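Undergrad: Could you have a look at this structure, given as structure tokens, before my questions?
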Amino acid sequence: AAKNTSEDVRGAGDELHQRSGGDSPPLTTAHGVPVEDDQNSLRAGDRGPTLLEDAHFREKIFHFDHERIPERVVHARGYGAHGVFEAYESLADITRASVFAQAGKKTEVFVRFSTVAGNLGSFDLARDVRGFATKFYTDEGNWDLVGNNIPVFFIQDALKFPDLVHSVKEEPDRGFPQAQSAHDTFWDFASLMPESTHMTLWQMSDRAIPRSFRTMQGFGVHTFRFVTAEGKSSFVKFHWTPLQGMQSVVWDEAVKINGADPDFHRRDLYDAIESGDFPQWELGVQVFDDDFADSFDFDVLDATKIIPEEVLPVRPIGRMTLDRTVTNVFAETEQVAFMTQNVPPGIDFSDDPLLQGRNFSYLDTQLKRLGSTNFSQLPVNAPRCPVAHFQRDGHMQTSLQPGRATYEPNSFSGAERGPREAGAEGHVPVPERVEGTTRRIRSESFADHYSQARQFWVSQTPVEQDHIVAAYVFELGKCEVEAIRSRMVANLRNVDEELAGRVAKGLALDLPEASPAAVETRTDLDPSPALSILANA
Ligand code: HEM
């Protein structure tokens, strides 16, 4: 690269020019025309006005003026890396997905980790959920597993997602706070939405302040479907386990790290990969059939519930290694477009109403954010397998797809004819049984909001329980409205009396009546050691 040496300097003030030559190719306009002078705009006379004729000046300023695109409406702050996924064995008996076709099969991936609530320029160690989104470039199309580091979610129905996000984003009349859990509005919403109680326990636990992206788990959250070549389907839940082990920080450390280095997590991932210490995660699945789903204590379509590993063990099926940082953060990490609806043959959706809503949302948001229907042609989004369709034109079309007829049926042949549907070789939707009349009433099988929250609480070690209590006290302590604090404690009484009592004491609140619960909390669910970080450290 050109250095600012004394030879570059031809004079004082605006006479500084670094010329092309040696390692430095000529500076050009975006259209390739070599630029004479990048220090001075073209002016009339010595001190005269700038001339419209200066195409280089106009192009440079025009491009700069358009540099920003909208940040993601959620998960704005993230960091990505490239890698490879390697299957441990053939899963042909449970899925025809080519990524799992045989032992040792390798598939390229791109992963983006993120926080949820903060804006693009917020800090890394926020108490927040972390996104864990993986794009598998499979040879039958992209598979986007767009998950989080927490296996449950705040809400059961995607219709409530805008409300949830409005409650965690900065308040519109003041523009703060950016931290998800430091809000009157967030706790107001959470306390009025008992279904979020389970997730808030995870969020108040050490899980929400991971030491590193490299030391956190990832989850697909929803129940998905695996489908074999013969069309036999089973339910599946996806788990990523870090081979570095699980680690979090304590809140005091998080606060200091945020002050000293708001880029701590991105720097950590970058440094690890650049130094050859490639992080790895094992992908595991819980696979089950309709009989298991019917016999399970909770609805497998309810994203506020887990299937405990002690009830249904996680089967390891492959390993992901992140081994390459991006070349350009904007072009790759920012322009990557994850969409839950990207599933290849062999993987399908369940009827989880949160997943169904997401499948609508992501296409819409990518168009808004990336601005062109052709965003799938960006290198980070482009499949690594052949792409052939009759979509054409649109803003920023770069594909030189051959062919004359861009419709079918057509009667042309050869290169003019174009592709044809794949039939049973294509992605065949699982034939789900559908019955009943249309309605807006939530299924009663979604009604128990507290039993698994309690199970999470009793699965934590005493020190982890202390952290949870401290987090509720600290975060709820920031609520200005006492009724909100009190309502949250009233919910916690349905989870565990000791937890509620300790939080109330920490907040110097009189213990409120327990909030009404549709279903009595079950106390017979065994602790699940897999839910504790310390038990797995
Ligand atoms: C972004 C996960 C629920 C809408 C993301 C990202 C992740 C994620 C990881 C960031 C992707 C990236 O790094 O580029 C989840 C999980 C959910 C969930 C695990 C529940 C289980 C929802 C719901 C909706 C939604 C219910 C809407 C109905 C969005 C939108 C973005 C996003 C609009 C921004 C996408 C972009 O601009 O690239 N989500 N999400 N999410 N999510 Fe979700």
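Undergrad: For segment 345-498, what number results from the quotient of the Cα radius of gyration and 2.2 N^0.38 Å?
TA: 1.73
Undergrad: Add -39500 (n - 2.57) for each DSSP H run of 4 or more in the chain, then divide by its residues: what number comes out at 222 nm, to the nearest 500 deg cm²/dmol?
TA: Mean residue ellipticity, 222 nm, calculated: -7500 deg cm²/dmol.
Undergrad: Holding the Cα-Cα limit at 25 Å, pick out from 105/305; 160/256; 256/478; 237/368 the pairs that are longer than that.
TA: Working: 105/305 32 Å; 160/256 34 Å; 256/478 19 Å; 237/368 30 Å.
Distance filter (> 25 Å) returns 105/305; 160/256; 237/368.
Undergrad: Kirkwood-based Rg over Rh for segment 40-189 (C-alpha set), two decimals? Each step should come with its number before you reach the end.
TA: Values: Rg = 23.4 Å, Rh = 19.7 Å.
Looking at segment 40-189, the ratio lands at 1.19.
Undergrad: A further question on this structure: Across bins of 5 angstrom width beginning at 0, how are the C-alpha pair distances of segment 101-204 distributed, in whole percent?
TA: 2, 11, 18, 21, 17, 11, 8, 7, 4, 2, 0, 0
Undergrad: I'd like the FRET efficiency for residue 263 and residue 360, computed as 1/(1 + (r/R0)^6) with the beta carbon distance as r and R0 of 45 Å, rounded to 0.05.
TA: It comes to 0.85.
Undergrad: Here is a further query. If you look at just the Cα atoms of segment 167-297, how large are its Rg and its Dmax in Å?
TA: Every Cα atom of segment 167-297 included, Rg and Dmax give 19.2, 57 Å.
Undergrad: Also: Mean separation of Cα pairs under 8 Å and 6+ residues apart, divided by the residue count of the chain: what relative contact order is that in percent? Could you put the intermediate results ahead of the total?
TA: Numbers: 991 pairs, mean separation 84.8, N = 537.
Averaging sequence separation for qualifying contacts and normalising by length gives 16 percent for the chain.
Undergrad: Kirkwood Rh and Cα-based Rg: tell me the resulting Rg over Rh for the chain, rounded to two decimals.
TA: Across the chain, the Cα-based Rg/Rh ratio is 1.03.
Undergrad: Here is a further query. Given contacts defined as C-alpha pairs under 8 Å and at least six residues apart, what's the relative contact order of segment 17-96, whole-number percent?
TA: Details: 29 pairs, mean separation 11.7, N = 80.
Over segment 17-96, the number comes to 15 percent.
Undergrad: Under a cut-off of 22 Å between alpha-carbon atoms, report the lysines in cross-link reach of residue 232, not counting same-chain residues fewer than 8 places apart.
TA: Those lysines meeting the cut-off do not exist here.
Undergrad: Normalized C-alpha radius of gyration of segment 416-506, against 2.2 N^0.38 Å? Walk me through the numbers on the way to the answer.
TA: Values: Rg = 23.6 Å, N = 91, 2.2 N^0.38 = 12.2 Å.
It is 1.93.
Undergrad: A further question follows. At q = 0.28 Å⁻¹, work out log10 I(q)/I(0) for segment 256-325 with the Debye formula, treating every Cα as an identical point scatterer and leaving solvent out; two decimals please.
TA: -1.20
Undergrad: Test of the criteria: in segment 353-403, which trypsin sites (Lys or Arg not before Pro) are in a DSSP loop and have at most 13 other Cβ atoms within 10 angstrom of their Cβ?
TA: 384, 392
Undergrad: Projecting each Cα onto the charge dipole of the chain (Lys/Arg +1, Asp/Glu -1 at the beta carbon, about the Cα centre), which of 134, 314, 344 comes out farthest on the positive side?
TA: 344
Undergrad: Considering Cα pairs under 8 angstrom that are at least six residues apart, work out the relative contact order of segment 54-167 and quote it in whole percent.
TA: Details: 175 pairs, mean separation 23.8, N = 114.
About 21 percent, as a whole number.
Rule-based calculations on the coordinates, nothing more; no lab input. Remember, it's a predicted structure, so these values are computed and weren't measured experimentally. Cβ coordinates were reconstructed from backbone atoms using ideal geometry, including for glycine residues, and neighbour counts include every protein chain displayed.
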